[in-house]
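Reviewing the structure listed below.
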Amino acid sequence: MQTRFTLPQSSIPHHWYNLLADFSEPMPVPLHPGTRQPITPSDMYAIFPESIVAQEMSPERWIEIPEEVRDVYALWRPTPLLRAVRLEKALNTPAHIYYKYEGSSPVGSHKPNTAIPQAYYNKLAGTQRLATETGAGQWGTSLALACQLFGLECAVWMVRVSYDQKPYRRLLMQTYGATVCPSPSDQTEFGRKRLAEDPNCAGSLGIAISEAIENTITHPGTKYSLGSVLNHVCLHQTVIGEESIQQMEQAGEEPDIVIGCAGGGSNLAGLAFPFIRKKITEGKPYRILAVEPASCPSLTKGELRYDFGDTAGMTPLMAMYTLGHDFMPPSIHAGGLRYHGMSPAVSHAYKLGLLEAVAYPQTAVFEAAVLFARTEGLVPAPESSHAIRAVVDEAIKAREEGRKKVILFNLSGHGLLDLSAYDAYLSGKLQDE
């Protein structure tokens, strides 16, 4: 039985896919944070280069991937698709479980899929330095590497609880040449304000975004870079799904269910958006399932409305499922999912009924993660483990119903720098928030 499906480097996609072109109704446009009027491209040039803004607002279905970006992608792409036959056996399920393994990238996650093109376009635009935020550290690490490859400086504001929980991620960013500050920090006016209010503030992605944007607009030659949520980020991640479609054809199967974890939305979008295209244009009956933490459930418990992407209210207002931009999520170990809002594109797909959502507490998530590690050998990142929890539940349902299901999920990163979280679970100290 073949369990690993690989593609030649020539199969690296030549185009990113833009789901916005295929929505049955257009997404609500972002609003200027000051005027509350529809935002214009020129409004965004203070923090993004023109090429990125053009992609963010593009109505085109396909956007060509520059050869310089594909050359860097070739360091790890195409990534493998594997069938989890040992997990299937452990669950005694008739389901066939496949996973796209993005942990084979140099930094161990899917995040370089967008970090590389963002650094590339900024370099072409004459940017000297990029500022960003990071939760668990996967995004900051990816941008640090991308900046190093294209000769840019990189400044990262890392959510304080992750800065403390995951010191090796910080060291990896510094190894790639980035400067890393815990957020909230004393390096920005907003950070100092939050520390004055609460010296022990654990931080959030919303606060870190505010600090990174403040640093961007006060430092000449600097642009801002975001690792999730926005349209151009989801766009870049679609290389995952485009490769997966080819690999599922190699396997001779088509998925019944496509599953991804969801914090800001780029992980889910990367795998699912190309399958949603087939759902819209070819009538494919895929179930698309977004899995989020019960402690930060923007889709399952949030409200669809305009909200800021950051805590200070500096970003454009976006129509998204949100818990409120001032929401302070608990200090769960899946730091990459601790965000108050969901990508506008993912939110719109959810509104249109193109995907479903479910939320799990972290103890149930780690139970599934350990099962996966003990059967498949890979230690998954806490974020990806949310998807694994849903996979296990769907496979058990298939067993109970006595019918075969084909399940595809995105294993978006390894957990080798998250072992403190596994230590907490295995020692019985991990608690649900």
Inset, instruction - For region 105-139, name all the residues that are at pLDDT below 95 and assigned to a helix (DSSP H, G or I). - result: Gln138, Trp139
Inset, instruction - Could you run through region 185-228 and say how many residues are more than 12 Å from Val156 (Cα to Cα) and assigned to a loop (DSSP other than H, G, I, E, B)? - result: 13
Inset, instruction - Give just the number: which of (1) free of Cβ contacts under 8 Å to residues at least 40 places away in the same chain; (2) over 22 Å from the mean Cα position of the chain (by Cα); (3) not assigned by TED's automatic domain parsing to the domain that holds Thr79 does Pro182 not satisfy? - result: (2)
Inset, instruction - Consider only pairs whose beta carbons are under 9 Å apart and that are at least six residues apart or on different chains; among these, list those whose first residue lies in region 124-146 and is at negative phi and among the aromatic types (Phe, Trp, Tyr) and whose second residue is buried (at least 24 other Cβ atoms within 10 Å of the Cβ) and assigned to a strand (DSSP E or B). - result: Trp139/Ser109; Trp139/Thr132; Trp139/Glu133; Trp139/Val156
Inset, instruction - Run down Leu143, Leu172 and say which single residue is in a helix (DSSP H, G or I), crowded, with 24+ Cβ neighbours inside 10 Å, touching a Ser or Thr at 6+ places or on another chain (Cβ under 6 Å) and not assigned by TED's automatic domain parsing to the domain that holds Arg77. - result: Leu143
Inset, instruction - Considering only region 13-42, state which residues are modelled with pLDDT under 95 and in a helix (DSSP H, G or I). - result: Pro41, Ser42
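Condition check ((1) without any contact (Cβ under 8 Å) to a residue 40 or more places away in the chain; (2) out of contact with any strand residue (DSSP E or B) (no Cβ under 8 Å at 6 or more places or on another chain)) across all residues:
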residue: Pro13; (1), (2): no, yes
residue: Tyr17; (1), (2): no, no
residue: Glu25; (1), (2): no, yes
residue: Ala54; (1), (2): yes, yes
Inset, instruction - Among the residues of region 99-120, write down those that are among the aromatic types (Phe, Trp, Tyr) and either free of Cβ contacts under 8 Å to residues at least 24 places away in the same chain or surrounded by 24 or more Cβ atoms within 10 Å (Cβ to Cβ) (or both). - result: Tyr99
Legend entry - Condition check for Arg277: assigned to a helix (DSSP H, G or I), over 27 Å from Tyr121 (Cβ atoms) and not small (Gly, Ala, Ser): no
Legend entry - Which listed residue is more than 21 Å from Asp71 (Cβ to Cβ) and not hydroxyl-bearing (Ser, Thr, Tyr), from Pro117, Pro94, Pro106: Pro94
Inset, instruction - Filter region 4-32 down to the residues that are polar (S, T, N, Q) and surrounded by 14 or more Cβ atoms within 10 Å (Cβ to Cβ), then identify the one that is farthest from Val69 (Cα to Cα). - result: Asn18
Inset, instruction - Among what's in region 392-415 and is touching a helix residue (DSSP H, G or I) at 6+ places or on another chain (Cβ under 6 Å) and farther than 18 Å from Leu268 by Cα, pick the residue that is surrounded by the most Cβ atoms within 10 Å (Cβ to Cβ). - result: Ala395
Inset, instruction - Hey, could you check region 274-300 for residues that are of a type in the set (D, E, K, R) and out of contact with any Phe, Trp or Tyr (no Cβ under 9 Å at 6 or more places or on another chain) and say which is nearest to Gln362 (Cα to Cα)? - result: Arg287
Inset, instruction - Evaluate the following for Asn267: is it within 24 Å of Gln118 (Cβ to Cβ), surrounded by fewer than 24 Cβ atoms within 10 Å (Cβ to Cβ) and touching a residue at least 12 places away in the same chain (Cβ under 8 Å)? - result: no
Inset, instruction - Return a yes/no flag: does region 280-288 have any residue that is in the same structural domain as Val53 (by TED's automatic domain parsing) and touching a Leu at 6+ places or on another chain (Cβ under 9 Å). - result: no
Inset, instruction - Return yes or no: is Asp326 under 28 Å from Gly191 (Cα atoms), among the acidic types (Asp, Glu) and part of a loop (DSSP other than H, G, I, E, B)? - result: yes
Legend entry - Matching residues in region 301-323 - criterion: being more than 19 Å from the chain's Cα centre (by Cα) and in a strand (DSSP E or B): Glu303, Leu304, Arg305, Tyr306, Asp307, Leu317
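The values are calculated or read from the model by the stated rules, or taken from the named source; none is laboratory data. Because the structure is a prediction, the values reported are computed rather than measured. Note that each Cβ is placed from the backbone with ideal geometry, even for glycine, and that neighbours are counted across all protein chains shown.
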